[in-house]
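Below you'll find the structure, written out as structure tokens, and then a few comments.
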Amino acid sequence: MTTHILNFKKKLEEEKVILIKQLQEVGRINPDDTTDWEPVAASLDINQSEIEERATEITSFEDRSAVEYELEGRLNEINAALVAIANNTYGICKVCKSPIEEARLEANPSAMTCMAHME
Ligand SMILES: [Zn+2]
């Protein structure tokens, strides 16, 4: 495994930790399917000073669901990239099987396509 891949792996793992923290703010792991997250309503037992501290606290369930969905999508991309690293298929465009440009991976370490095949 090249140093570059290890570097991307580290970035992916760091982002994964952050994403899981953010997901825990708006949701929880689905008890029936531990690979899935589901949104939960904002906790009502936080006190007033805490509410003021969290000026950006997302309280509406619809907003929380949208955020949860987005975070979960990103987490799935990162997990897929980590699986690709483990399987030695990381950095290969899934469309044309060419190596993905270094700059593209720098910008998005979970990219699965080269610049020509960006979605
Ligand atoms: Zn391609």
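Read-outs throughout are calculated quantities, based only on the coordinates presented, and are distinct from any laboratory measurement. Quantities reported herein were computed from a predicted structural model and do not represent experimental measurements. Quick reminder, even Gly has a Cβ in these numbers, built from the backbone with ideal geometry, and neighbours come from all protein chains shown.
Using the Cβ of residue 38 as centre and a radius below 10 Å, the other residues enclosed give a net charge of -4, where K and R count +1 and D and E count -1.
Once backbone amide H atoms are built at 1.01 Å from N, residue 37 has 30 as its partners under 5 Å, excluding neighbours fewer than 5 places away on the same chain.
Here the calculated FRET efficiency for residue 60 and residue 108, from their Cβ-Cβ distance with R0 = 22 Å, stands at 0.15, rounded to the nearest 0.05. Extension gain for residue 14 to residue 41 (0.36 nm times residue separation, less C-alpha to C-alpha distance): 7.1 nm.
Calculated FRET efficiency, residue 5 to residue 115, Cβ-Cβ distance, R0 = 22 Å: about 0.75 to the nearest 0.05. Annotation: lysines with alpha-carbon distance below 24 angstrom to residue 21 (same-chain offsets under eight excluded): 9, 10, 11. Search the structure for amide H atoms under 5 Å from the amide H of residue 92, placed 1.01 Å from N in the peptide plane, and list their residues when 5 or more places away or on another chain. Sorted by chain and number, the residues that satisfy this are 100. For residue 118, the shell of other residues with beta-carbons less than 13 Å away shows a net charge of 0, using +1 for Lys and Arg and -1 for Asp and Glu.
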